[in-house]
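Working notes, structure below.
No lab work stands behind these numbers, since they all come straight from the coordinates. This is a predicted model, so every value here is computed, not measured. As a convention, Cβ positions derive from the backbone with ideal geometry for all residues, glycine included, and neighbour counts pool all protein chains shown.
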Amino acid sequence: MALTGLQIYKLLPASSTNPEVKAHANCKECGYPTCLAFAMKLAAKQADLSLCPYVEEESKRQLEESAAPPIRLITVAGSAKKLEVGNELVLHRHEKTFYHPPGLFVRVKDTQPDAAQVAKAVADYTVDYVGMSLSLDGVAVEAAGGDFGATVAAVKAACPFPLILMATDPATAEAGLKAAQGTTPLLWAASAENWQAMAQLAAQYKVPLAVLGPNGDLNALADLAEQVKNAGVEDLVLDPGTRDHASSLAAFTQLRRLALRKNERKVGYPLIAFAGDDITLAAQHIAKYAGFIVLDQFDPAMAYPLIVLRANLFTDPQKPIQVLPGVYEINHPGPSDPLMITTNFSITYFSVANEVESSGLPGWLLVADAEGMSVLTAWAAGKFDAERIAKTVKSTGIEQKINHKRLIIPGHVAVLLGEIEEELPGWEINVGPREAVDLPNYLKTRWG
């Protein structure tokens, strides 16, 4: 649990009972006038403990422990891609932001003849969404009675993404770990029956280990995780063993609350979820706290909505997705083709650009710097006004690329018509439609 400034102060030299340490009280070597001032900066996370070389070891341990994130950061890696999960600080995105999107993995079995082909399809799958390239994150290989090591090797060769090795038999798990050498997979799973051997493997191969609890028993899961940690494995992922909507939601929410609100270190680890073929369950896990989500098959129709949902949830709500302001050419426009303007909010830009592009009509699209806000929001905030629109026209060099002086503004800011005409003397300002979907018809009927 984070310490207050006064609690931190009691661990600094000014409060020490050791005369040698006490002699350095308020020494100013940290850059602050007193130990109390330094303590307050530490509490506000505006200073680093390393600035004070005189903190006693036990005090340093307490301070470092209190400053550690409530959910441990776990890293898995393939030969060409790394995934980090954990280090989350809030229950709800609007409180601050979520930092590490959950990894979406596709499960294959070692009895599956096309395992390598599925893995390659996962690696090759990408979609462009409002200027972001989105993809899946890896493959989970399950030991189901086939040649586990050979399957892991084949999947690793076909897909450079991180792997999850799903084997509960230690000998089988080691065969997979040997085949995956050179990467950092997640090993699933240590249970009450096998945890000593699995912990030994995780420590030996330096990989994170998933701990499997008995169907929703969080006390048993926490105790098992503590045993595995005491055996020398600190990079853990928790699997509460729930597989349906209701029990998964309850277990995952309780674990997140315990880690964040109660600072329960025994459960301060990312969570792994198994969604099967249920897209709604996978979506629930994206929204409610999973760090790894395993799907039973690769299906683009299922993957696309999930990775888009994830992208939407794991963007910083205080930092809108933006495109660069400037001039964008659509369908190779000529000097006489339409000139439109919009804001640099990514979804707004792509809505307009995609509608015009799909219509086959050429046009010039000016993108004004509205600090990533949509048209109406930017107008209401004074970030998309006549002055800024005029500045965009004058500063982008668009006047040298066209042979007319006509500008189409979004219908939502029709109220700016007169002011823009004053800012751009000699220009004809046309009010376009309110919605991007109506732009093609507007251009066909109103431009010419």
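On a full-extension model of 0.36 nm per residue, what is the gain between Ala220 and Asn26, subtracting their alpha-carbon distance, rounded to one decimal in nm? Can you show the working numbers first?
On the way: separation 194, 0.36 × 194 = 69.84 nm, distance 4.70 nm.
That works out to 65.1 nm of additional length.
How much mean residue ellipticity at 222 nm does the chain get from its helices, if each DSSP H run of length 4 or more adds -39500 (n - 2.57) and you divide by all residues, to the nearest 500 deg cm²/dmol? Mind showing how you got there, number by number?
On the way: 17 runs with 168 residues, N = 448.
That calculation yields -11000 deg cm²/dmol at 222 nm.
Between 0 and 90 degrees, rounded to the nearest ten: what's the tilt of helix 218-230 against the longest Cα principal axis of the chain?
Its long axis makes an angle of about 70 degrees.
What shape does the chain take by its C-alpha gyration tensor, where a ≥ b ≥ c are the square roots of the eigenvalues and a/c under 1.5 counts as rounded, a/b above b/c as prolate, and the rest as oblate? Intermediate values should be presented prior to the final figure.
Values: a/c = 2.82, a/b = 1.42, b/c = 1.99.
It is oblate, given that a/c is not under 1.5 and a/b is not larger than b/c.
Pop out the ³J(HN,Hα) list for the stretch 29-40 in order, Karplus 6.51 cos²θ - 1.76 cosθ + 1.60 with θ = phi - 60°, rounded to Hz; leave Gly and Pro as x.
The phi angles translate into 5, 6, x, 10, x, 9, 5, 5, 4, 5, 4, 5 Hz.
Once you charge only the Cβ atoms, +1 for Lys and Arg and -1 for Asp and Glu, what is the size of the charge dipole of the chain about its Cα centre, to the nearest 20 debye? Write down the numbers at each step before the final one.
Working: 39 positive and 50 negative charges, 164 e Å.
Result for the chain is approximately 780 debye, rounded to the nearest 20.
Taking neighbour counts of Cβ atoms within 10 Å as a proxy for exposure, in what order, fewest first, do Tyr349, Tyr99 appear?
The order, fewest Cβ neighbours first, is Tyr99, Tyr349.
Can you tell me the dipole magnitude for the stretch 74-313 around its Cα centre, using point charges on the Cβ only (Lys, Arg +1; Asp, Glu -1), in Debye to the nearest 20?
On the way: 20 positive and 25 negative charges, 154 e Å.
Using Cβ point charges on Lys, Arg, Asp and Glu, the stretch 74-313 gives about 740 debye.
Going by alpha carbons, how many degrees (0 to 90, nearest 10) lie between the helix axis of 115-124 and the longest principal axis of the chain?
The answer is roughly 40 degrees.
Looking at the chain, what % of its DSSP beta bridges pair antiparallel, to the nearest 5? Could you put the intermediate results ahead of the total?
Details: 15 of 53 bridges.
Restricted to the chain, the bridges split so that about 30 percent are antiparallel.
Could you please state, rounded to a whole Å, how far the C-alpha centre of the stretch 105-170 is from the C-alpha centre of the stretch 336-366?
The stretch 105-170 and the stretch 336-366 have Cα centres separated by 39 Å.
Once the Cβ-Cβ distance between Leu309 and Gln204 is put in as r, and R0 is 45 Å, what FRET efficiency do you end up with, to the nearest 0.05? Write down the numbers at each step before the final one.
Numbers: r = 38 Å, r/R0 = 0.84.
Plugging the Cβ-Cβ distance into 1/(1 + (r/R0)^6) gives 0.75.
I want to verify a result. In a Gaussian network model of the chain, Cα cutoff 10 Å, which of these has the top mean-square fluctuation: Thr34, Thr184, Thr242?
The residue with the greatest mean-square fluctuation here is Thr34.
Which aspartates and glutamates have a Cα lying under 20 Å from the Cα of Lys391, excluding residues fewer than 8 positions away in the same chain?
Cross-link targets: Glu329, Asp369, Glu371, Glu399, Glu419, Glu421, Glu422, Glu423, Glu428.
With springs only between Cα atoms under 10 Å apart, run a GNM on the chain and tell me which of Ala140, Ala80, Ala197 wobbles the most.
Ala80
Is the shape of the stretch 74-313 rounded, prolate or oblate, going by the alpha carbon gyration tensor and its root eigenvalues a ≥ b ≥ c, with a/c under 1.5 for rounded and a/b larger than b/c for prolate?
Numbers: a/c = 1.63, a/b = 1.04, b/c = 1.57.
Oblate, since a/c reaches 1.5 and b/c is not below a/b.
Might you report the magnitude of the Cβ-based charge dipole of the stretch 5-67 about its Cα centre, with Lys and Arg at +1 and Asp and Glu at -1, to the nearest 20 debye? Write out the running numbers ahead of the final one.
Details: 7 positive and 8 negative charges, 54 e Å.
Approximately 260 debye in magnitude.
Find how many whole Å separate the alpha carbon centroid of the stretch 265-332 from the alpha carbon centroid of the stretch 28-77.
Result: 34 Å between the Cα centres.
Under 16 Å from the Cα of Lys109, which lysines turn up, not counting those fewer than eight places away in the same chain?
Lys120, Lys156
Would you mind getting me the FRET efficiency between Ser359 and Arg243? Use the beta-carbon distance for r and R0 = 51 Å, nearest 0.05. Intermediate results must be reported in sequence, preceding the final value.
Details: r = 46 Å, r/R0 = 0.91.
Plugging the Cβ-Cβ distance into 1/(1 + (r/R0)^6) gives 0.65.
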